[in-house]
Amino acid sequence: MAPVTRRDLIDLGFSPGEVLGLASFLVRNARERGLEPEEIRPRLQALLENPEDHLEDPCFGSLAKALQAGKKPGGRAGGP
């Protein structure tokens, strides 16, 4: 399967901005740790739907925290 690209991340629902950059960075790290794209995509989709359920994820916990912070009043989850 093809690698997870920034376009894939946007298609999943990530907004352009800091969170997209973090997601892209963490996807590269996950690939280096041996995760395959077919494992990464569903994890990211689940994380987008319920970030609070993924705060302890060893690969994407920091992304879950960033998304959760963006949902609080005054928080930012991506774009300008």
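The values are calculated or read from the model by the stated rules, or taken from the named source; none is laboratory data. All figures in this text were calculated on a predicted structure; none of them were measured in a lab. A quick note on method: Cβ atoms are made from the backbone with ideal geometry, for glycine too, and the neighbour counts reach across all protein chains shown. Side chains included, ligands, DNA and RNA excluded: accessible areas come from the protein's heavy atoms. Shrake-Rupley method; radii C 1.70, N 1.55, O 1.52, S 1.80 Å.
Things worth noting here:
- Protection proxy ranking for 6-13, 41-48, using the average of other Cβ atoms within 10 Å per residue and placing the highest first: 41-48, 6-13.
- Rough spin-label spacing in nm, given labels placed 7 Å along Cα→Cβ, for Leu20 and Glu38: 2.8
- To the nearest ten degrees, helix 61-71 and the longest principal axis of the Cα atoms of the chain are 30 degrees apart.
- Here region 29-75 is assigned +1 on the Cβ of each Lys and Arg and -1 on the Cβ of each Asp and Glu. Its dipole about the Cα centre then comes out at about 260 debye.
- Rg [Å, one decimal], Dmax [Å, integer] - the chain, C-alpha atoms: 11.7, 38
- Computed over protein heavy atoms with a 1.4 Å probe, the accessible surface of the chain works out to 60 Å² per residue.
- When only the Cβ of Lys, Arg, Asp and Glu is charged (+1, +1, -1, -1), the dipole of the chain relative to its Cα centre reaches about 340 debye.
- Top positive-direction residue, dipole computed over the chain with Cβ charges, set Leu20, Val4, Leu48: Leu20
- Of the solvent-accessible surface of the chain, computed with a 1.4 Å probe over protein heavy atoms with every protein chain present, carbon and sulfur atoms account for 53 percent.
- To the nearest ten degrees, helix 18-32 and the longest principal axis of the Cα atoms of the chain are 30 degrees apart.
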